[in-house]
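Enquirer: Structure incoming, see below.
The values are calculated or read from the model by the stated rules, or taken from the named source; none is laboratory data. If you're wondering where the values come from, they're calculated on a predicted model, not measured in any experiment. Every residue, glycine as well, gets a Cβ built from its backbone with ideal geometry; the counts of neighbours run over all protein chains shown. For accessibility, only protein heavy atoms count, side chains too; no ligands or nucleic acids. Shrake-Rupley method; radii C 1.70, N 1.55, O 1.52, S 1.80 Å.
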Amino acid sequence: MYETIEEANQAVIAKIVAGAPFLIDIVPAASVIPELKEGKVLLHAGPPIDYDQMIAPIQGACVGAGLFEGWGETEEDIRCLLETGEVTLIPCHHVQAVGPMGGITSANMPVLVVENKTDGNRAYCTMNEGIGAVLRFGAYSQEVIDRLHWMKNTLAPVLSAALKTKNEGVNINVLVAKAIAMGDEFHQRNIAASLAFLKEVAPSIVALEGFESEKSEVMQFLADTDQFFLNIMMASSKAVLDGARTIQEGTVVTAMCRNGHEFGIRISGMGDEWFTGPVNIPKGLYFSGFNEADASPDMGDSAITETFGVGGMAMIAAPAVTRFVGTGGFYDALKTSNDMLEISIDTNPNFPVPTWDFKGICLGIDARKVVETGILPVINTGIANKEAGKGQIGAGTVTPPMVCFEKAVLAYAKKLGFVE
């Protein structure tokens with residue numbers, strides 16, 4: 001269809017720029033993901049993986065999901081199901097979904113529904129649980145299970161009802177454009193976007209009938225949860241990039257994700273194929289009493305935000321976050337984003353960054369440029385304890401293994417007949 005790789009890449013990034021993600025609803029995962037309807041099924045972050053390959057925090061999240069679903073009464077009951085293969089494991093990305101950290105998603109967990117109105121496709125993501133002991137970092141105490149039930153029974157119905165009062169849902173591009181001018185990069189820092197979202201939905205929540213006792217709980221949770229918008233950004237990025245990758249040509253990276261064992265990428269010209277390599281340990285700052293020896297290997301689908309062009313790719317947009325992830329100060333952030341521009345095809349005019357002389361965020365990671373320059377995408381990330389159930393112990397940055405990009409470029413070269 002396209003005469004050159006450059007032409008194909010331009011078509012892919014034009015799709016990204018044209019993407020129009022809207023948050024339209026919050027529903028039980030099984031109601032929109034058919035694979036979750038039959039039997040015991042869990043979605044997970046990253047490329048495909050078996051339970052026995054999973055690191056302890058992700059196994060812990062699987063246990064928590066099983067307890068939430070009522071598949072057993074004890075941790076031992078759930079682990080037995082997992083170890084004997086009675087639970088089917090599917091990557092979130094294979095069913096138009098994404099999940100933070102372990103990414104574990106089960107049938108009755110509520111998911112955000114984001115529609116890319118340009119292409120008519122949808123993407124899904126669980127809601128942010130807040131901080132502390134949370135499932136995404138591998139915790140599965142009764143406190144965690146109780147919160148998941150509250151999110152299912154209270155948070156999701158109230159927000160769903162509020163969203164239904166809006167004709168088209170919530171326009172995510174508008175919120176991103178606002179919040180990037182207020183210092184968010186949408187992976188580690190989502191304070192402005194989360195508050196902008198609260199401002200958008202608060203009048204609708206207040207006006208709801210039939211939720212008198214629940215409304216104040218939901219408003220307080222949204223006010224307290226600085227990272228709530230991260231999961232919205234993840235689903236939006238997935239929806240836009242899935243729309244763009246309908247053009248199955250070129251070398252634009254359309255997904256980056258990790259499962260604690262392998263890092264996987266997809267590129268536009270190779271469709272659904274994963275190109276993998278071993279994950280790295282994040283580098284960053286640790287909470288008091290912890291260090292790198294306590295850290296879990298890299299995990300999560302949240303690198304879909306960097307794939308879209310925010311997160312670590314837009315470090316310069318969020319000077320306030322640089323110290324938190326251990327990258328120094330303003331000029332280190334500037335250098336990071338300038339480096340990221342070296343491996344990108346263009347900048348996205350939809351999202352100008354005031355601290356970057358109003359250049360748009362990076363647009364379209366080109367796998368060829370990564371290999372040519374040796375510059376790897378920088379990903380902002382939380383750091384989990386390597387032991388299940390202990391939760392987050394820090395925050396930092398991580399990079400993919402170069403072999404992922406080398407494999408992808410070689411595979412596409414073979415597809416085009418450039419090499420045998």
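Enquirer: When the Kirkwood radius is taken over all Cα pairs of the stretch 267-333, what Stokes-Einstein diffusion coefficient follows at 4 °C and 1.567 mPa s, in µm²/s?
Expert: 91 µm²/s
Enquirer: Quick one: putting +1 on the C-beta of Lys and Arg, -1 on the C-beta of Asp and Glu, what dipole do you get for the stretch 233-367 around its Cα centre, in Debye to the nearest 20?
Expert: Charge dipole of the stretch 233-367: 300 debye, to the nearest 20.
Enquirer: Follow-up question, since we're still on this one. Which is farthest toward the positive dipole end of the stretch 130-264 among Phe229, Ile131, Ser141, measuring Cα position about the Cα centre, with Cβ charges +1 (Lys, Arg) and -1 (Asp, Glu)?
Expert: Phe229
Enquirer: Leaving ligands, DNA and RNA out of it, rank Asp272, Asp346 by accessible area with a 1.4 Å probe, largest first.
Expert: Heavy-atom accessible area, descending, gives Asp272, Asp346.
Enquirer: Which pairs, out of Lys37/Lys199; Lys164/Lys238; Lys283/Lys390; Lys166/Lys215; Lys40/Lys152, put more than 29 Å between their alpha-carbon atoms?
Expert: Lys37/Lys199
Enquirer: So if I take the centroid of the Cα atoms in the stretch 3-21 and the same for the stretch 100-146, what is the distance between those two points in Å?
Expert: A separation of 29 Å, based on Cα centres.
Enquirer: For the stretch 101-151, what percent of Cα pairs sit more than 17 Å apart?
Expert: Of the Cα pairs, 40 percent sit more than 17 Å apart.
Enquirer: Return the percentage of antiparallel bridges among DSSP beta bridges fully within the stretch 62-185, rounded to the nearest 5 %.
Expert: If I count the DSSP bridges inside the stretch 62-185, around 75 percent turn out antiparallel.
Enquirer: A follow-up question, please. Let me cross-check Phe418: its accessible surface, 1.4 Å probe, with only protein heavy atoms counted, in Å² to the nearest 10?
Expert: 140 Å²
Enquirer: A further question on this structure: Rounded to a whole number of µm²/s, how large is the Stokes-Einstein D of the stretch 295-420 at 20 °C and 1.002 mPa s, given Rh as the Kirkwood radius over C-alpha pairs?
Expert: 137 µm²/s
Enquirer: What does the convex hull of the Cα atoms of the chain come to per residue, in Å³, rounded to a whole number?
Expert: So the per-residue Cα hull volume is 133 Å³.
Enquirer: Rounded to two decimals, what is the ratio between the C-alpha radius of gyration of the stretch 1-132 and 2.2 N^0.38 Å?
Expert: Normalised by 2.2 N^0.38 Å, the Cα Rg of the stretch 1-132 equals 1.24.
Enquirer: P(r) tail for the stretch 94-232, what percent of Cα pairs lie past 18 Å?
Expert: Above the 18 Å cut-off, the stretch 94-232 has 57 percent of its Cα pairs.
Enquirer: Evaluate the relative contact order of the chain (contact order divided by residue number), counting alpha-carbon pairs under 8 angstrom at least 6 apart; express in whole percent.
Expert: It rounds to 20 percent for the chain.
Enquirer: Here is a follow-up. Across the Cα atoms of the stretch 63-159, what radius of gyration and what greatest pairwise Cα-Cα distance (Dmax) are found, in Å?
Expert: 14.2, 47
Enquirer: For the stretch 233-304, what D do you get in µm² per second when you plug the Kirkwood radius from alpha-carbon pairs into Stokes-Einstein at 20 °C and 1.002 mPa s?
Expert: In µm²/s, the coefficient rounds to 157.
Enquirer: In Å³ and rounded to a whole number, note down the convex hull volume per residue for the Cα atoms of the stretch 348-406.
Expert: Given the Cα convex hull of the stretch 348-406, per-residue volume reads 133 Å³.
Enquirer: Also, quick follow-up: Report the relative contact order of the stretch 282-409, percent, no decimals, based on alpha-carbon pairs under 8 angstrom and at least 6 residues apart.
Expert: Relative contact order here is 32 percent.
Enquirer: Which value in Å does the Kirkwood hydrodynamic radius of the stretch 191-316 take, with 1/r averaged over all unlike C-alpha pairs and then inverted?
Expert: Kirkwood hydrodynamic radius for the stretch 191-316: 17.3 Å.
Enquirer: Peptides 142-148, 315-321, 389-395: what's the order by average Cβ count within 10 Å, highest mean first?
Expert: Descending mean neighbour count gives 315-321, 389-395, 142-148.
Enquirer: For the chain, modelled as a Gaussian network with Cα springs under 10 Å, which listed residue fluctuates most, Leu341, Leu241, Leu81?
Expert: In this elastic network of the chain, the residue with the biggest mean-square fluctuation among Leu341, Leu241, Leu81 is Leu81.
Enquirer: Mean Kyte-Doolittle of at least -1.0 and a Cα length of 18 Å or more along the axis: which whole DSSP H helices of the chain meet both?
Expert: In the chain, the long hydrophobic H runs are 5-18, 56-69, 191-207, 212-224, 228-244, 330-342, 402-415.
Enquirer: Contact order normalised by length for the stretch 1-159, with contacts defined as Cα pairs under 8 Å and 6 or more residues apart; what percent is it?
Expert: It rounds to 33 percent for the stretch 1-159.
Enquirer: Could you bin all the Cα-Cα distances of the stretch 188-258 into 10 Å bins starting at 0 and give me the percent of pairs in each, rounded to whole numbers?
Expert: Spelled out bin by bin, the stretch 188-258 gives 17, 34, 25, 17, 7, 0 percent.
Enquirer: For Val371, what is the net charge nearby, where nearby means another residue's Cβ is under 11 Å from its Cβ and Lys, Arg count +1, Asp, Glu -1?
Expert: 0
Enquirer: Quick one: which residues, 5 or more positions from Thr118 or on another chain, have an amide H under 5 Å from its amide H? H modelled 1.01 Å from N in the peptide plane, none for Pro or chain starts.
Expert: Close amide H contacts, sequence-distant or interchain: Ala20.
Enquirer: Work out the length of the dipole vector of the chain about its Cα centre, built from +1 on the beta-carbon of each Lys and Arg and -1 on the beta-carbon of each Asp and Glu, and round it to the nearest 20 debye.
Expert: 740 debye
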